[in-house]
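The values are calculated or read from the model by the stated rules, or taken from the named source; none is laboratory data. Everything numeric here is computed off the predicted structure, so don't read it as measured data. Neighbour counts are summed over all protein chains in view; Cβ atoms, including those assigned to glycine, are modelled from backbone coordinates with ideal geometry. Side chains are part of the model used for accessible areas, which takes the heavy atoms of the whole protein and leaves out ligands, DNA and RNA. Shrake-Rupley method; radii C 1.70, N 1.55, O 1.52, S 1.80 Å.
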Amino acid sequence: MSLIEINEVRKSFGTNEVLKGITIAIEPGEVVAVIGKSGSGKSTLLRCINGLESIDAGSITVAGAQLRPDEAHLRQLRLKVGMIFQQFNLFPHLTAGANVMLSQTVVKKTPKGEAERIARAMLDRVGLAEKFDAYPDQLSGGQQQRTAIARALAMQPIALLCDEITSALDPELVSEVLAVVRGLAADGMTLVMVTHEMKFARDVCNRVVFMHQGRVHEIGPPDKIFAEPATPELQQFLGVQS
Amino acid sequence: MSDFTIWDIVRNLLLATRWTVVLSLAAFVGGGVLGAILLFLRIGKRRLLRNFVKYYVELFQGTPLLMQLFLAFFGLGLFGIDVPAWVAAGAALTLWTAAFLTEIWRGCVESIARGQWEASSSLAMGYVQQMRHVILPQALRVAIPPTVGFLVQVIKGTAVTSIIGFVELSKAGTEVTNATFEPFTVYGIVALIYFAMCWPLSKASQSLERRLNVAHRNQ
Ligand SMILES: Nc1ncnc2c1ncn2[C@@H]1O[C@H](COP(=O)(O)OP(=O)(O)OP(=O)(O)O)[C@@H](O)[C@H]1O
Ligand SMILES: [Mg+2]
């Protein structure tokens, strides 16, 4: 059975149908890149997977549990699926360490000492062991995003959703964040990433999903998607990108 | 002309100032507590309660404090309830303060970026946990300067209660004038006392705002 099963998912904002029947199955340990033009529904898809947006039709199942729109089920789901945002969204009033500790202590009721131990380990994993006491505004963009990754990892999710996590970064800071993601992929973390980093998608991902106008227009291994795009839309998209 | 020295005037006014201070504090504390409760209803999930608070705020912001005071004082009298001036003054000012503080604080909560809600949601926090650990601590910082600034409005607002006979600083000014026939001196001192109370608060509000802005430049 797949880890994440997305089945005929539809989503509209008012009269604007943004997702028009999406079906994807993601296996444990798989790294999936989602690419496509602006407005094609990539973020909306990711946000539906962890319930930040409700879906109008279809179903989403994570590790055998179907996504339901009530608070208790959503929180169960979010314990399993973490999300990293383009804008980092660290809590600015807390130190990096406290950011990583907060939901462990508040949601999982992990004792403080244990939570701190995990927080230090996670910050170490993203290369920020010495930044435990720094506030977000004392960190560079790349360091903030790595802290956000550590914060999500501390909840021990079985999958991570990443929405253009390097798009808000200065070019020289992109690689340090991608290196962390690469490490996660190597460790077997299931990742679904919306990204414009085509080289990264080609090197690291097992599968690439090309979205176009709210549909999965093409899906396949990166070799095939990038080397032999089948549809004119993908050909044009890749032409524009490179 | 009269047997009153400046010191007599000042002493009488300062004694009455106590009641201005007490009334301001009561309105501020009572209004703060009520305002906090209304705030949670206003930003909560229950539509009916949200609307109730919305109209409450609009009512109190849309009518003069003086009218609210008259209604509290004379209105209840119509029902045969004899309301002492201090009760009417305290109640009206408390309700009025609550309405304004609710609105100020709602603005502060809503100024917190949507990403903070989304990030905390995606970490599986529930509504109360998000409020308690993520939203309110940030909103509180934003709220301090306008809240302190509004205290100045409350202090000045207490002057209105002199009209229903509550003897605070303004009313005492009138009484002392009637006895001394020195309106300029008396009201000059009254103004100075108000200024001495309000000016430090205004300044504090401004400097807090500056300090918090610096601390949060990258937010
Ligand atoms: N909360 C919302 N309310 C209304 N419309 C929305 C909302 N969120 C997204 N949309 C619309 O849905 C469509 C798809 O948006 P989405 O953010 O999923 O695109 P995207 O593929 O992530 O684009 P980008 O590459 O620019 O991030 C757009 O037309 C957008 O305007
Ligand atoms: Mg997007």
(message) If I model a spin label as a point 7 Å beyond the Cα along the Cα-Cβ vector, how far apart are those points for B:Leu25 and A:Ile158 in nm?
(response) 5.9 nm
(message) At 1.4 Å probe radius, can you tell me the per residue accessible area of region A:90-156 in Å²?
(response) 38 Å²
(message) For the interface of A with B, what's the total buried accessible surface in square angstrom, probe 1.4 angstrom, rounded to the nearest hundred?
(response) 2000 Å²
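Below 10 angstrom from the Cβ of A:Ala150, what's the summed charge of the other residues (Lys, Arg +1; Asp, Glu -1)?
After counting each charged neighbour, the total is +4.
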(message) In 5 Å bins starting at zero, report the fraction of Cα pairs in chain B per bin as a rounded %.
(response) 1, 7, 12, 14, 15, 14, 11, 9, 6, 5, 3, 2, 1, 0, 0, 0
(request) Kindly provide the pair-distance distribution of region A:90-156 built from C-alpha pairs, with 10 Å bins from 0 and whole-percent values in order of increasing distance. (result) 26, 60, 14, 0
(message) What distance in nm separates the two pseudo spin-label positions at B:Glu209 and A:Glu228, each 7 Å out from Cα along the beta-carbon direction?
(response) 6.6 nm
(request) Give, to the nearest whole percent, the P(r) tail of the protein assembly as shown beyond 33 angstrom, counting all Cα pairs. (result) 52 percent
(message) Can you give me the angle between helix A:96-106 and the longest principal axis of chain A, using Cα atoms only, in degrees from 0 to 90, rounded to the nearest 10?
(response) 80 degrees
(message) Let me check something: with ligands and nucleic acids excluded, how do A:Ile6, B:Ile81 order by accessible area (1.4 Å probe), largest to smallest?
(response) B:Ile81, A:Ile6
(request) Could you pull out the pairs from A:Lys42/A:Lys80; A:Lys80/A:Lys109; A:Lys42/A:Lys131; A:Lys42/A:Lys199; A:Lys42/A:Lys109; A:Lys20/A:Lys42 whose alpha carbons sit more than 22 Å apart here? (result) A:Lys42/A:Lys131; A:Lys42/A:Lys109
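Set the Förster radius R0 to 25 Å, insert the Cβ-Cβ distance between B:Ala36 and B:Val87 as r into 1/(1 + (r/R0)^6), and round the FRET efficiency to 0.05.
The formula returns an efficiency of 0.65 here.
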(request) Report the calculated FRET efficiency for B:Ser111 and B:Thr5 (r = Cβ-Cβ distance, R0 = 41 Å), to the nearest 0.05. (result) 0.20
(message) Out of the total accessible area of the protein assembly as shown (probe 1.4 Å, heavy atoms of protein only), what percent is carbon and sulfur?
(response) 59 percent
(message) At 24 angstrom or more along the helix axis (alpha-carbon based) and mean Kyte-Doolittle of 0.5 or higher, what helices does chain B contain? Whole DSSP H runs only.
(response) B:6-42, B:85-110, B:136-157, B:183-215
(request) Report the calculated FRET efficiency for B:Gln153 and B:Leu14 (r = Cβ-Cβ distance, R0 = 22 Å), to the nearest 0.05. (result) 0.50
(request) Give me the distance in nm between label points sitting 7 Å out from Cα along the Cα-to-Cβ direction at A:Lys199 and B:Ile43, one decimal. (result) 4.4 nm
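Can you tell me the accessible area per residue over chain B, all protein chains present, probe 1.4 angstrom, in square angstrom?
Ligands and nucleic acids excluded, the figure is 53 Å² per residue.
Work out the length of the dipole vector of chain A about its Cα centre, built from +1 on the beta-carbon of each Lys and Arg and -1 on the beta-carbon of each Asp and Glu, and round it to the nearest 20 debye.
500 debye
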(request) Could you tell me what % of all Cα pairs in region A:10-50 have separations over 17 Å? (result) 33 percent
